[in-house]
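No value in this document is a laboratory result; all are computed from the given coordinates. Here the structure is a predicted model, which means the values were calculated and not measured. We place every Cβ from the backbone using ideal geometry, glycine too, and count neighbours over all the protein chains shown.
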């Protein structure tokens, strides 16, 4: 091996190789041989301690007698008297150790060291994320390690080795993580802080039909179906930017425009102390949602609130939009999301009782021609006939008063604070989704909690 000009020259090609592919077994051997040549030492060895109590030599600059003897009678770190030498002392003290090779503590290997004409040794432990290693240096000069010159060079070599081993371990973890995510059944992608996609897996390309080349560099909004409102995305971004995990159901579209309902989980990824990237996992739950909607349509009524199910309410409004009559009507979107979230955190039984009470209060404000439904956790919608163009405001005010009243069995700090927005048909929308989005946009004028629709 050609003598390297410097430590940087020794390690640079090793880093280049490690980035391209997992390091070959000979990488540590190259460090030992290159380090010995650079420092002008006859023998340099790297050891690693194992759980069985031995310190195994993993790399050597020379296959000499001492190296072979240490293979035959390895040093031990577990307190055994036999085989306790230079490396074990350094491992125990966690400090550099210098030892004359005619010292009684080196008696097991003295003869082989004498054959190699070695007079003294120096060792230090190397703490890495992949375990503890030992750097050992030997010289025929009995005073080689007495001064600061050689020990300073060895300390610098130790730092380079520790950094290299830590970096290689990190690269290995990243390769494992990348392989795991790439092989996962769920669609996954990573964005930077601005929301630009920097990576996606194979399941993502299968679900959405976009190749990696097409997806990377795009913002996830290119998957949007338009079903989610302003508050939905406001809650999403405020959650993940605060370092918390966000999850909810999202309707996206693939490359051909086909809509998919996915259960999405977004987790911030730290880079030091800052959130630098976000990992999104998408699980296609379209069939699960379709089955739930079919069940809701069959039942028609939510058993807890006594109101219509979301599917039944959406179907009725869609039919009324498709076959309009002369009766003007409006949709009231009612949000109690923050209140419901607080109650649910206390007890699901209490939350169920609260939902029943909310349903009762909503029904008490409606006429027989009106209808109401549960459209999300803590959110409700009302369709009412607006005979004179002002009834929507009157019913809204009545509902605000009824729903703001204290709930039974709840403390004063859990008082409902409902918000209600109005969307008129057909002025504010000609179908169910456009009407709900119009009302949702009005509710988004002030920050608030948001259930996921």
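Please list, by residue number, everything in the stretch 19-58 whose backbone N is under 19 Å from a paramagnetic label point 7 Å out along Cα→Cβ of residue 127. Once the point is set 7 Å along Cα→Cβ of residue 127, 47-51 turn out to lie under 19 Å by backbone N, inside the stretch 19-58.
Residue exposure proxy: 21, 379, ordered by other Cβ atoms within 10 angstrom of their Cβ from fewest to most, comes out as 21, 379. May I ask you to derive the FRET efficiency for residue 214 and residue 115 from their Cβ-Cβ distance with R0 = 56 Å, giving the value to the nearest 0.05? So the FRET efficiency works out to roughly 0.25. Length gained on full extension, residue 431 to residue 356: 24.1 nm, using 0.36 nm per residue less the C-alpha separation.
Fewest-first ordering of 106, 204 by other beta carbons within 10 Å of each residue's beta carbon gives 106, 204. Note on residue 385 and residue 103: the extension gain reaches 91.4 nm, defined as 0.36 nm multiplied by sequence separation minus the Cα-Cα distance. Using C-alpha pairs below 8 Å separated by at least 6 residues, the relative contact order for the stretch 84-205 is 17 percent.
Between helix 230-241 and the chain there is an angle of about 20 degrees, using the helix long axis and the longest principal axis of the Cα atoms. Helix 7-20 and the longest principal axis of the Cα set of the chain meet at an angle near 40°.
Report, in degrees rounded to the nearest 10, the 0 to 90 angle that the Cα long axis of helix 310-322 makes with the longest principal axis of the chain. With both axes taken from Cα atoms, the answer is about 50 degrees. The distance between label points at residue 225 and residue 377 comes to 2.0 nm (points 7 Å beyond Cα on the Cα→Cβ vector).
Projecting label points 7 angstrom from Cα along Cα→Cβ for residue 297 and residue 417 puts them 3.9 nm apart. FRET efficiency for the pair residue 368 and residue 194, taken as 1/(1 + (r/R0)^6) with r the Cβ-Cβ distance and R0 = 56 Å, rounds to 0.60.
For 239, 390, the sequence from fewest to most other C-beta atoms within 10 Å is 390, 239. For the chain, averaging the sequence separation of C-alpha pairs within contact (under 8 Å, six or more residues apart) and dividing by the residue count gives a relative contact order of 10 percent.
Here the sum of -39500 (n - 2.57) over DSSP H runs of 4 or more residues, divided by the residues of the chain, equals -13000 deg cm²/dmol at 222 nm, to the nearest 500.
Which distance in Å, rounded to a whole number, links the C-alpha centroids of the stretch 86-126 and the stretch 285-307? Here the answer is 76 Å between Cα centres. Can you give the FRET efficiency for residue 345 and residue 51, using 1/(1 + (r/R0)^6), R0 = 56 Å, r = Cβ-Cβ distance, to the nearest 0.05? It comes to 0.80.
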